[in-house]
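Undergrad: Take a look at this one; I'll ask things after.
The values are calculated or read from the model by the stated rules, or taken from the named source; none is laboratory data. If you're wondering where the values come from, they're calculated on a predicted model, not measured in any experiment. All Cβ positions, glycine included, derive from the backbone under ideal geometry; neighbour counts span all protein chains shown. Surface areas here come from the heavy atoms of the whole protein model, side chains and all, with no ligands, DNA or RNA. Shrake-Rupley method; radii C 1.70, N 1.55, O 1.52, S 1.80 Å.
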Amino acid sequence: MNDLLSVFDSDGTESTENRPLLMTAHQRAEIRSLFAKLGLETADLQFDFAAELTGVRIASVGELEATTAQRLIEGLHRRIHNMGRTTTGNSWDDREEDTWIDRL
């Protein structure tokens, strides 16, 4: 009988330690704001965009982990920063900062 009750001695931390941290309310609000700035209004577009930027496809917002949400936020900021910029497809010509060669 003593062995059977030992199962209940655990404080339950081992089951919560393995669970990923989900995104915070602050991250969710920021993502919503960034999507609005990019004009991505439908859930389908937002999920596709999130998968493109993070490499993680989710079926619902509640599945988004905090680390993935942070990558999404950073990617959305980059997209907003680059909005309206024309690119040539040549990373050398499209660079934003001068190199030491340019400064000579």
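Undergrad: Quick check on segment 57-104: of everything there that is of a type in the set (Val, Ile, Thr) and part of a loop (DSSP other than H, G, I, E, B), which residue is most open to solvent (accessible area, probe 1.4 Å)?
TA: Result: 86.
Undergrad: Which condition does residue 26 not pass, out of (1) surrounded by 13 or more Cβ atoms within 10 Å (Cβ to Cβ); (2) part of a helix (DSSP H, G or I), if it passes all the others?
TA: Residue 26 satisfies every listed condition except (1).
Undergrad: Keeping to segment 69-78, report how many residues are over 16 Å from residue 40 (Cα atoms) and in contact (Cβ under 8 Å) with a residue 40 or more places away in the chain.
TA: 2
Undergrad: State yes or no: is residue 32 modelled with pLDDT of 95 or more, of a type in the set (D, E, K, R), assigned to a helix (DSSP H, G or I) and open to solvent by 80 Å² or more (accessible area, probe 1.4 Å)?
TA: yes
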